[in-house]
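Engineer: Structure in structure tokens, see below.
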Amino acid sequence: MLLASHDGEQWIEAQLRSILAQRDVDVRILVSDDASTDGTRDVVARMAVHDERVVLLPGGTYGSAIANFLHLIREADVSGADAVAFSDQDDVWHLDRLARQLPRLDDADGTSGNVTAVYPRRRVLIEKHHPQRRLDFVCESAGPGSTFVLSPAAFARVREVATTDARVDDAAQHDWLVYAIVRAAGMRWTIAEESLLDYRQHGTNVVGANVGVRSALARLRQLRSGAFRADAARVARIASDVAAGPLRVELAHVAELLERDDAAARRELAALTPELRRRPREQRLLRAAIAVGAW
């Protein structure tokens, strides 16, 4: 279990306890803390003293959640693990989460699922399990990285790319990057329908649930700024170098289309939208954004 923390004193003990309490699964949690200024390290260190399954790695300064996760991907000792999962510091895992997910790795190299966003007065199911599309990994993750579980082979491939391709340091999100690498490598990924954890929403979420008007406006601003398109182009380039055969050629072409901003490129991208997003509504919105020049 790879957990990246930063100023999470308020949340991290409950998260660690929910992982340690997983039913019918042996767990080991490697925690990398990014220069926390509150009591996060003290909480983890205290728990590590009482439970050897919790390991607090030497502290570092990474500057962002993705940089911290990339440090874990590159450096964490996962030898002997039957699977590798990622964890945020502020969720609460359902106690049978891993027991349900691990059998799926018999037929896949990566698996993820839905989550329940938890607000002070409501709970909202966040659905990510819409049918996968051929190129969906260019434009989206397979859900929150906190639901990801990888086979040793998939994690080794992700580690290889993270270690050898400097472009990963500029990726927007570690979960999107991981999903793209695994899919581009020709490995199978499954997305489960059930909720796997409580995704606690608060003022310091790095990303947060894509729910409500405020979240939609934030993502629209990112779309109009060109940042999302640049991120997708970067992912397509990285994925192209991972892929082989016709997929490698196709991903390189998609990256070129994303890097251009002419009418011909937009027409091709608009035609590709059914393959770039899983959810029909998101396909329509992306096609409309391309048509009006907002993306």
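The values are calculated or read from the model by the stated rules, or taken from the named source; none is laboratory data. As the structure is a computational prediction, the values presented were derived from the model and not from experiment. Cβ placement follows ideal geometry from the backbone for every residue including glycine, while neighbour counts extend to all protein chains displayed.
Engineer: Counting only residues that are touching a residue at least 40 places away in the same chain (Cβ under 8 Å) and either farther than 19 Å from Leu98 by Cβ or not charged (D, E, K, R) (or both), how many does region 23-61 have?
Structural biologist: 6
Engineer: Assess whether His202 counts as being part of a loop (DSSP other than H, G, I, E, B), at negative phi and modelled with pLDDT under 95.
Structural biologist: Numbers: part of a loop (DSSP other than H, G, I, E, B): yes; at negative phi: yes; modelled with pLDDT under 95: yes.
Judged against the criteria, His202 is a match.
Engineer: Listed residues Ala14, Ala48, Ala108, Ala65; which is farther than 26 Å from Trp189 by Cα and within 22 Å of the chain's Cα centre (by Cα)? Give the derivation first.
Structural biologist: Values: Ala48 fails: within 22 Å of the chain's Cα centre (by Cα); Ala108 fails: farther than 26 Å from Trp189 by Cα; Ala65 fails: farther than 26 Å from Trp189 by Cα.
On inspection, the qualifying residue turns out to be Ala14.
Engineer: Condition check: loosely packed, with under 15 Cβ neighbours inside 10 Å, of a type in the set (Phe, Trp, Tyr) and on the phi < 0 side of the Ramachandran plot. Does Tyr119 satisfy that?
Structural biologist: yes
Engineer: What are the residues in region 37-72 that are among the polar types (S, T, N, Q) and over 27 Å from Val158 (Cα atoms), if any? Before the answer, list the steps.
Structural biologist: If we filter region 37-72 for residues that are among the polar types (S, T, N, Q), which is where we start, we get 37, 40, 61, 64, 68.
Across region 37-72, the qualifying residues are Thr37, Thr40.
Engineer: Please tell me if Ala76 is under 24 Å from Leu20 (Cα atoms) and of a type in the set (Gly, Ala, Ser).
Structural biologist: On the way: under 24 Å from Leu20 (Cα atoms): yes; of a type in the set (Gly, Ala, Ser): yes.
So Ala76 fits the description; yes.
Engineer: Only one of these conditions is not met by Ala156: (1) among the aliphatic types (A, V, I, L, M); (2) without any contact (Cβ under 8 Å) to a residue 40 or more places away in the chain; (3) crowded, with 22+ Cβ neighbours inside 10 Å. Which number is it?
Structural biologist: Condition (3) is where Ala156 drops out.
Engineer: If only one of Leu247, Leu257, Leu285 is touching a residue at least 60 places away in the same chain (Cβ under 8 Å), in a helix (DSSP H, G or I) and surrounded by 13 or more Cβ atoms within 10 Å (Cβ to Cβ), which one is it? Walk me through how you get there before you give the answer.
Structural biologist: Values: Leu257 fails: touching a residue at least 60 places away in the same chain (Cβ under 8 Å); Leu285 fails: touching a residue at least 60 places away in the same chain (Cβ under 8 Å).
On inspection, the qualifying residue turns out to be Leu247.
Engineer: Identify, by number, the condition in (1) within 15 Å of Phe86 (Cβ to Cβ); (2) in contact with a strand residue (DSSP E or B) (Cβ under 6 Å, 6 or more places away or on another chain) that Leu70 doesn't meet.
Structural biologist: (2)
Engineer: Quick check: is even one residue across region 24-35 surrounded by 19 or more Cβ atoms within 10 Å (Cβ to Cβ) and among the small types (Gly, Ala, Ser)?
Structural biologist: Within region 24-35, one or more residues are surrounded by 19 or more Cβ atoms within 10 Å (Cβ to Cβ) and among the small types (Gly, Ala, Ser).
Engineer: Go through region 9-50 residue by residue and tally those that are touching a strand residue (DSSP E or B) at 6+ places or on another chain (Cβ under 9 Å), assigned to a loop (DSSP other than H, G, I, E, B) and not polar (S, T, N, Q).
Structural biologist: Total meeting the criteria: 5.
Engineer: Which number in (1) in a loop (DSSP other than H, G, I, E, B); (2) within 21 Å of Ser240 (Cβ to Cβ) marks the one condition that Phe137 misses?
Structural biologist: Going through (1) in a loop (DSSP other than H, G, I, E, B); (2) within 21 Å of Ser240 (Cβ to Cβ) one by one, Phe137 breaks only (1).
Engineer: Identify the single condition in (1) hydrophobic (A, V, I, L, M, F, W, C); (2) surrounded by 15 or more Cβ atoms within 10 Å (Cβ to Cβ); (3) farther than 20 Å from Gly145 by Cα that Val49 does not satisfy, given that it satisfies every other one.
Structural biologist: Going through (1) hydrophobic (A, V, I, L, M, F, W, C); (2) surrounded by 15 or more Cβ atoms within 10 Å (Cβ to Cβ); (3) farther than 20 Å from Gly145 by Cα one by one, Val49 breaks only (2).
Engineer: In the list Ala230, Ala264, Ala252, which residue meets the criterion of being assigned to a helix (DSSP H, G or I), aliphatic (A, V, I, L, M), more than 24 Å from the chain's Cα centre (by Cα) and outside the structural domain of Met187 (by TED's automatic domain parsing)?
Structural biologist: On the way: Ala230 fails: more than 24 Å from the chain's Cα centre (by Cα); Ala252 fails: more than 24 Å from the chain's Cα centre (by Cα).
Checking each option against the conditions leaves just Ala264.
Engineer: Of the residues Pro152, Pro131, Pro144, which is under 21 Å from Ala4 (Cα atoms) and out of contact with any Phe, Trp or Tyr (no Cβ under 8 Å at 6 or more places or on another chain)? Lay out the reasoning, then the answer.
Structural biologist: Values: Pro131 fails: under 21 Å from Ala4 (Cα atoms); Pro144 fails: out of contact with any Phe, Trp or Tyr (no Cβ under 8 Å at 6 or more places or on another chain).
It is Pro152.
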